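What follows is a structure written as structure tokens; I'll ask about it next.
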Amino acid sequence: MSNPIPYRFSFGPWNISEGSDPFGPEVRAPFPHEEKFALYRPLGFEGVQFHDDDVVPGLDELSPAQFLSKAAQVKAMLANHGLTPEFVAPRLWFASQTVDGAYTSNSATDRAYALDRTKKCIDIARAIDCKAIVLWLSREGTYIREAKDARLAYHRLLDTINAMLEYDRDIEIWIEPKPNEPTDQAYVPTIGHAVALAYASKDHTRVKGLIESAHALLAGLDPSDEMAFALAHDKLASVHLNDQNGLKYDQDKNFGGANLRVAFNQVRVLEDAGYGSRGEFIGLDVKTMRTQQGTPVTEHLQNSREVFLHLVEKSRSLDQKLVQQYRDARDYEALECHVLKHLLGVK
Ligand code: XLS
Ligand code: MG
């Protein structure tokens, strides 16, 4: 089955990094944030994923007039480079007010900070002509179960979503689930949780999901099934393709780098559903290896994009008739062998 969609790709400026990790400092010279945007088009990307303070650094210290004027500059810069802002996400895991989470913090003043910062994020998104707000719920969760009332936490998350929908009548909220890290157990660990929150909200048509491959793998789930679930509900607003080598720290490896067949199945599910036909981006969220030299390092972005496109070809050239025959005959041994040989490029 051929899907003629010309895919559009996006990544966030944090995907070009200096290589620090919890065990050691930067290993590459910093590449100026403002210069990253000139790299997008030549690398084959046209969408920019933003955190609110990627658009307006030092946001908490600025007045509305100041942050809106900075956002206007960024809007002009994007237009100059022919780039589209895909989404803006409130960064709610850095500030001292978010040590115990943001919307689910046990402190009322810290929750108020989180809502206020989220409204600023929406204002910034609108100022750069973007209608999508991503909620990666980072610290919404606990290190020990007794620390919070989980039922109340889910009510607080729903109240926040409703307050956002009310604050701006046009925005969409895209929830990006992740089961752990930085917390031990995060609230909204899977797309099923996100879709339930969407349906419980005041306007479910404006609440969708963003699925990151590695986050699904960390939940012990198959990313292609998670994507299929969201697609079945028409709630897959975006994806963050990457890879993850087992249940360990969040790795953001290159797409297909740990498991090509799992990557293939994500592409196959997206292709079969016509994902992208309404302008949805193929977002990447990949980190280069700390060992890589150079400034800036961008090969991981190019390589992941290329692997995606090769897998699109693999998906389009899969013999669907044969697949159907094997399904009808319930001969999944033959089906598996066919898929593996197809991926290996042997007859
Ligand atoms: C977390 C994500 C995060 C979101 C946007 O794993 O990469 O950066 O995509 O907040
Ligand atoms: Mg992500």
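Looking at (1) in contact with a strand residue (DSSP E or B) (Cβ under 8 Å, 6 or more places away or on another chain); (2) within 29 Å of residue 22 (Cβ to Cβ); (3) more than 16 Å from ligand 2 (Cβ to nearest atom), which is the one condition that is false for residue 180?
So the condition that residue 180 fails would be (3).
Would you please list the contacts, defined by Cβ atoms under 9 Å and residues six or more apart or on different chains, that run from a residue in the stretch 202-215 that is within 12 Å of ligand 2 (Cβ to nearest atom) to a residue that is among the hydroxyl-bearing types (Ser, Thr, Tyr) and in a loop (DSSP other than H, G, I, E, B)?
From the stretch 202-215, the pairs are 215/190.
Could you tell me which numbered condition residue 317 fails, if it satisfies all but one of (1) surrounded by 13 or more Cβ atoms within 10 Å (Cβ to Cβ); (2) under 25 Å from residue 236 (Cβ atoms)?
Failed condition: (1).
Could you tell me whether the stretch 183-200 includes any residue that is touching a helix residue (DSSP H, G or I) at 6+ places or on another chain (Cβ under 8 Å), of a type in the set (Phe, Trp, Tyr), within 16 Å of ligand 1 (Cβ to nearest atom) and within 20 Å of residue 108 (Cβ to Cβ)?
yes
Can you confirm whether residue 330 is exposed (fewer than 14 other Cβ atoms within 10 Å of the Cβ), charged (D, E, K, R) and either within 20 Å of residue 174 (Cα to Cα) or touching a Lys or Arg at 6+ places or on another chain (Cβ under 6 Å) (or both)?
No.
Hey, another quick one. Name the residue, out of 117, 8, that is touching a residue at least 24 places away in the same chain (Cβ under 8 Å) and closer than 30 Å to residue 187 by Cβ.
117
Would you confirm, using the coordinates I've provided, whether residue 292 is among the polar types (S, T, N, Q), touching a helix residue (DSSP H, G or I) at 6+ places or on another chain (Cβ under 8 Å) and within 30 Å of residue 131 (Cα to Cα)?
In short, no.
Values in this text are rule-based calculations from the coordinates and carry no lab data. Keep in mind that this is a model prediction, so the values were computed, not measured. Cβ atoms come from the backbone with ideal geometry, glycine included; neighbour counts cover every protein chain shown.
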